[in-house]
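The values are calculated or read from the model by the stated rules, or taken from the named source; none is laboratory data. Every value quoted in this text rests on a predicted model; they were computed, and no experiment measured them. Note that each Cβ is placed from the backbone with ideal geometry, even for glycine, and that neighbours are counted across all protein chains shown. All accessible areas refer to the heavy atoms of the entire protein, side chains included, with ligands and DNA or RNA removed. Shrake-Rupley method; radii C 1.70, N 1.55, O 1.52, S 1.80 Å.
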Amino acid sequence: MKGKIALGLAFATLLFGTLFFALPIEAQNEVTIGIIGPQGLPHWSPAGMKDAAEMARDEINAAGGIDIGGTPHDIVLAFGNEYAVPTPSPTDAYLEAERLITVEGCEILIGGFRTEVTQSIIEAAADYATPLLINGAATNELIGDTVGADYARYKYLYRLNPVNGTSLLYTIAGGIGGYLLNPTAPIPGAGYMIPMFADPTLIGPYGPGQVAVAVITEDLDWTLSIHGALTTPSVYPLLLGPFANVTYSGRIPDGTTDCTPWLTDVISSNARILIHVFSGTTGVPFVAQWRALSVNATLCGINVMAQLQTHWATTGGACEYEAMLNFAGTRTPIVPTITRAFWDSFVARTGVWPIYTAWGAYDAIYALKEAMEDIDSKDKDALLAYFESPSYQRQGLSGIFKYTSLHDVFTNEPGPVWFQGYVRALIAQWTDERMEIVCPKLQTYSKTWALPPWMYPLIQDTNYDQFVGVDDIVFAAEHFGDDPTRDRWEHVCDTTKDDYIGIDDIVDIASHFGATP
């Protein structure tokens, strides 16, 4: 009998031990961060936030973790699906954010790409008073209608990436309107349209000689304010300049694969500038069909899919001359000491180029590390005070970063010049299977904004002043010997299109000396 009792006690002890060790144990000396994003899209993986967060985690942990109070803390990541695709589900997004907090024990959340679900993530984080760093969604209201309207509830909410929708709009307008506002002292951009493609028959609020502009945006919530600003007659001349005249606008449902009806309308409108705004997959067929139809309007806008390395292949090279907002071009040394190191490490790890959600996730984790080490704590209220300090700023991957009083990304130079260095969106253009920064100008890495040759066949006019002269010959000579892999490469100087700027290009330009359109 005693033997049976002893055996029973031993079994009970073994069972208890098994159950005990199966239960989650609160980890010591760890910082648990939840990454929640659009699983199923490259914005999540392989080019997006998941892979970049893992890279930051691995780098930091390998270097000793986060030093808090003299004790190293490892970063632990937990991943969640924001349920943005195929159909946004705000309810599931809330439940997933709640799971990360209550089950996974996440002390901080990073993510929120699609506006339609990010608001639910915000509400879950607020319900549990958990810090959330938005990474992906640009909609103004996500900050203005939360932190700005109810600070007590939403004080732990921040947007780290990207700059908000208004700033994105100003960047597009700056690239286009910077020239339109003063065509006699141009800062090159899509504004080459003035006076090159002014239509004397087009009468606008400033008289004849307007340039026709088309605006096409995806039919999602985050584009509403951008679309409205670019198409409202009392507003858009203030952004695009007095010579811009929006002659066509359209909204395309997300997921559309045949964009030709809208592009046909663009052709009918005689637009010479086409502003496109897409975050989803429709951006790929839209660009391919723009080229297939040889639409006589240069592309400039937002196309998140165009940030992907695969964009050249998926469009069959049709994306050449597309300009869109981005954090960098291909290996562009925005911040020379760190930008290329991040780019190269990410490519070595994943085999693909990083898009903006990757930049944001990586920067967010390093920003948290620096903050926790500076305040010697991971307490959310201590972090709040730290981020809200007027003296807070840090060097991020794409510029100097700090928060506004509403916890949004501070940015102050969205136009064609950039002197102070605070985070901003840039305009990159696809040429020669690469993305090159064409706005802002005056940077060591800035390139000439190239016009599609079917719009302006006089390709020997490399500076687009409507005359082939000595300046064009000198420009090509300055880049003699360059190819697309070199930082000095200028696509417009390769007039023979052999991916090399040589004597043949100089001779070609010289042979057209004096030519005009």
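With distances taken between every two different alpha-carbon atoms, the chain has a Kirkwood hydrodynamic radius of 24.5 Å.
Remark: relative contact order (the range 260-305) = 54 percent; criterion is Cα-Cα distance under 8 angstrom and separation of 6 or more residues. Each Cα pair under 8 Å and six or more residues apart adds its separation to the average, and for the chain the resulting relative contact order is 13 percent. Peptides 305-313, 431-439 ordered by packing proxy, namely the average of other Cβ atoms within 10 Å per residue, highest first: 431-439, 305-313. Note on the range 369-517: lysine pairs with Cα distance below 18 Å, sequence gap of 8 or more or different chains, count 5. Other residues whose C-beta falls under 15 angstrom from the C-beta of W343 contribute a net charge of -2, scoring Lys and Arg +1 and Asp and Glu -1. Distance between the C-alpha centres of the range 317-333 and the range 461-517: 21 Å, rounded to the whole angstrom. By the helix-only formula, in which each DSSP H run with n ≥ 4 contributes -39500 (n - 2.57) and the sum is divided by residues, the chain has a 222 nm mean residue ellipticity of -10500 deg cm²/dmol.
Provide the percentage of antiparallel DSSP beta bridges, counting only those with both residues in the chain; round to the nearest 5. Once the DSSP bridges in the chain are tallied, antiparallel ones form about 30 percent.
Placing unit charges on the Cβ atoms of the charged side chains and taking the dipole of the range 26-98 about its Cα centre, the candidate lying farthest along the positive direction among L41, G80, A97 is L41.
The DSSP beta bridges internal to the range 20-158 are antiparallel in roughly 15% of cases. The amide H of D482, built 1.01 Å from its N in the peptide plane, has I501 as neighbours under 5 Å, considering only residues 5 or more places off or on other chains. With contacts taken as Cα pairs under 8 Å at a separation of at least 6 residues, the range 330-470 carries a relative contact order of 15 percent. Stokes-Einstein diffusion for the range 326-373, with the hydrodynamic radius set to the Kirkwood value over Cα pairs and evaluated at 25 °C in a medium of 0.890 mPa s, equals 216 µm²/s. Counting only aspartates and glutamates at least 8 places from K50 when in the same chain, those with an alpha carbon closer than 13 Å to its own are D58, E82, D363. Ligands, DNA and RNA are left out, and with a 1.4 angstrom probe the accessible area of the range 265-363 is 28 Å² per residue. Take C106: with every protein chain present and a 1.4 Å probe, its accessible area is about 10 Å². Placing +1 on the Cβ of every Lys and Arg and -1 on the Cβ of every Asp and Glu, with nothing else charged, gives the chain a dipole about its Cα centre of roughly 700 debye.
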